[in-house]
Amino acid sequence: MRQRMSSSAALVVLVLAGLMSLALACREAAAPDVPWAAMQFAPPARFTLWWRLAQACSGTTGDLGSVTWYVVPNTNTLSYQGKQVYAYWMGDPDRIVVADVRRNDGAIIRHEMLHALLHRNGHPRAPFLTSCGGVVACDADCLADAGGYVPPPATAPELQPRDVGTRFEAMSLADVRDTSPVAVMVTITNPRTEPVWVKLAPRESGDFVHFTFGIIVDYDDPERITTLDSDEQGSDRFPLAAGESRRWVWDRTLDRGRYGIRGYFNVDTTARQVISIGQ
Ligand SMILES: [Zn+2]
C-alpha cells in the first residue's frame with residue numbers, strides 16, 4: 001500500500017514537471033527574452049515627447065506604436081546578457097523592458113528608444129554621443145562602446161558661448177486637458193572641424209561654479225517668470241569634440257496656457273519664443 005502510494009505520488013510529480021516545462025516552452029516561443037515577471041504597459045503621454053526628442057537628435061524617424069513596453073515590478077535593475085541593466089531593447093518585433101524604478105527616467109527611456117529607432121544593438125558614437133549626448137543616457141557600457149568623451153587638448157581653440165549656436169525646440173502635445181507634458185531641448189554645436197573648449201563666464205566674479213545649459217519660462221509676459229532652471233559645472237571650460245552637438249533636456253508638466261521660453265548656454269541666450277498649451 002505504501003509502495004503504491006509513493007509510486008503514484010512520483011507519477012504526479014513527473015506529470016507536473018512535464019506540464020511545467022511545456023508551459024515554459026510555450027511562453028518562450030511566444031515572447032523570447034521578456035522576463036516572466038514582466039508586465040506590459042501602455043506608454044504614457046510623456047513617451048510621445050521623448051520619442052520625438054530621440055528622433056530629433058538622431059535625425060531618424062520611426063513609429064512609437066510599433067514598440068511594446070514591459071516593466072518588471074519591484075526591480076532596480078534587470079539581468080540581460082549576463083549584466084545588470086536598467087532597461088533593454090529587443091528587435092523583431094520591437095520590445096523594451098524597463099526596471100520598475102526607471103520607468104519614468106527620460107534619459108534611460110530615450111536611450112532604449114534610440115535603439116528602436118536605429119534598429120540595432122551596440123552604441124555607435126555618432127548617434128549616442130555626437131548627436132544625442134545629453135538626450136539619451138550613455139554611461140558604462142554605452143560610453144565604452146562609443147569611445148567615451150575625450151577632452152580636447154589643453155591648447156585647443158577656445159570659443160565664446162555665442163559661437164556655439166545655442167538654440168532650442170519646445171515640444172508639447174496637441175491634445176491636452178488641464179496639463180501637458182512639455183519637453184524643451186537646448187542644443188549647442190561645435191562649428192569647427194576640430195575639438196574646442198568653450199570659455200564659460202562666471203555668474204559673478206570669483207564664482208567656482210559655472211552655469212552651462214538653462215531655460216527661462218514666463219507666463220506669456222517676460223516680467224512674470226515661472227521657472228528658471230540651469231545646469232552647472234565646476235570648471236570654466238566646456239569641451240566639445242569636432243562637430244559635436246551637446247544637448248540638455250528640460251522635462252516638466254505645464255498647465256494649459258501660453259508661455260514664453262528662452263533657452264541659454266552660459267551667457268548666450270536664444271530669442272524668446274511663445275508656445276501655447278491646449279489653446
Ligand atoms: Zn543601449
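Each reported figure results from applying straightforward, stated rules to the coordinates on display, with no laboratory input. Nothing here was measured: the structure is a model prediction, and the numbers come from that model. No Cβ is skipped: glycine too gets one built from the backbone with ideal geometry, and neighbour counts run over all protein chains shown.
Quick notes on this one:
- R0 of 41 Å, Cβ-Cβ distance TYR80-ARG224: FRET efficiency to nearest 0.05: 0.30
- Packing order of peptides 145-156, 97-108, highest average first: 97-108, 145-156 (average count of other Cβ atoms within 10 Å over each peptide's residues).
- Each of GLN40, CYS57, MET90 was scored by the projection of its Cα onto the charge dipole of the range 39-146, and the greatest displacement toward the positive side belongs to CYS57; charges sit on the C-beta of Lys, Arg, Asp and Glu.
- Helix-only [θ]222 nm of the chain, DSSP H runs n ≥ 4, -39500 (n - 2.57) each, per residue, nearest 500: -7500 deg cm²/dmol
- Distance between modelled label sites at HIS119 and LYS199, nm, 7 Å Cα→Cβ extension: 4.8
- Restricting the calculation to Cα atoms, the range 204-258 yields a radius of gyration followed by a Dmax of 14.9, 41 Å.
- Values of log10 I(q)/I(0), in the order q = 0.08, 0.12, 0.14 Å⁻¹, for the chain under a Debye, Cα-only, solvent-free model: -0.44, -0.85, -1.08
- When the P(r) of the range 158-277 is calculated, the portion above 20 Å amounts to 45% of the C-alpha pairs.
- Compactness of the range 39-146 - radius of gyration and Dmax, Cα, Å: 12.6, 35
- Mean shadow area of the range 103-168 over all directions, Cα convex hull, nm²: 6.0
- The residue among SER79, ALA137, PRO157 whose Cα reaches farthest toward the positive pole of the charge dipole of the range 32-159, with charges on the beta-carbon of Lys, Arg, Asp and Glu, is ALA137.
- Size descriptors for the range 77-210 (Cα atoms only): Rg and Dmax, in that order, 18.3, 56 Å.
- Rounded to the nearest 20 debye, the dipole magnitude of the chain is 800 debye, with +1 charges on Lys and Arg beta carbons, -1 on Asp and Glu beta carbons, and the Cα centre as origin.
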